[in-house]
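As structure tokens, the structure follows; a few thoughts come after it.
No lab work stands behind these numbers, since they all come straight from the coordinates. Please read all numbers here as calculations on a predicted model, not as lab measurements. Using ideal geometry, Cβ is built from the backbone for each residue, glycine included, and neighbour counts are taken over all protein chains shown.
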Amino acid sequence: MIRSILFAVLILSAVSVFAFEADTLKKSKPVKTVSPEEQAKRNRINQTFSKFSKDRFAIDLLGTNWIYDKNSARMNGLQTKWYSRGINIYFYYDFRIKKSRFSIAPGIGYSATNIYSRHTLEEDSIGTYFKKIEKPDDYKVNKVTLQYLDIPVEFRIKTNPDKLDQVWKFAVGFKAGIRVDAHTKEKTKINNVTKVVVERRFPDFSLFRFGPMLRVGYSSFNITAYYGVLDVFKKNRGPKANEFSVGISFNGL
């Protein structure tokens, strides 16, 4: 009985000491309070970020190319260059889903792709085909340029939708575009004479394009990718090829 009483006394003493030390520790580290003026300032900053952290404006610098069979009919061994490139300039409007991290962002913008090769683009009664350049050393530039008016739509996720910077972003979506221009540009230098020829006479490119797109990144710097589901050329009027692009995206506002 005496041992039980002593054991209970020891337990109560230990609990009392622990409670005293915990209370002392709380008193030694008071909770920092924020003045009403400071809180109002923080609220104003958050409201400003919530207005402008919409990723409304995006510029994409792209490495773009085609997926095709170079030995197929009307390609004639075409080998596009690795440095083929393009650019997107898009304006989005972000619709946040209530107060969640999710949003939907439809947009509109301009896109251009430049495909370089050592082939020329020719036409016959059947349609468009590629022809190998007989004297490639004379050609300094030879490219096909396609320009589109695009309507992209993104489904977005942000780690913190109310911040402008230091935010991880993930967006998946699609874009549809209508072709507004298609031309070739050939630059030759023969006997120290430079000649540039631009031709716009190729109606066999598809009028529309469509495909999925992806954007992943941190803050204003992102990686973006796109794959064109529709063929670059009209059916039975040119070789079969599909566009793809991968690049760096700068976005904000």
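With a simple spin-label model that places each label point 7 Å from the Cα along the Cα-to-Cβ direction, the separation between Asn192 and Phe221 comes to 4.6 nm.
Lys and Arg at +1, Asp and Glu at -1: add these up for the other residues within a Cβ distance under 12 Å of Ile223 and post the number. Present the calculation step by step, with values, prior to reporting the outcome.
On the way: positive: Lys169, Arg215; negative: Asp60.
Result for the local shell: +1.
In the neighborhood of Gln147, defined by Cβ-to-Cβ distances under 9 Å, what is the net charge if each Lys or Arg adds +1 and each Asp or Glu adds -1?
Numbers: positive: Arg179; negative: Asp181.
Net charge around Gln147: 0.
For the stretch 56-252, a crude dipole built from +1 on the beta carbon of Lys and Arg and -1 on the beta carbon of Asp and Glu, taken about the Cα centre, is about 300 debye to the nearest 20. For the pair Glu123 and Ala73, the difference between a 0.36 nm per residue extended length and the Cα-Cα distance amounts to 16.6 nm. Loop-located GluC sites (Glu not before Pro) across the stretch 120-171 with a Cβ neighbour count of 14 or fewer within 10 Å are Glu134, with loop assigned by DSSP. For the stretch 56-252, the calculated P(r), taken from all Cα-Cα distances in 5 Å bins from zero up to the bin holding the longest distance, is 1, 7, 14, 19, 16, 13, 10, 8, 6, 4, 2, 1, 0, 0 percent.
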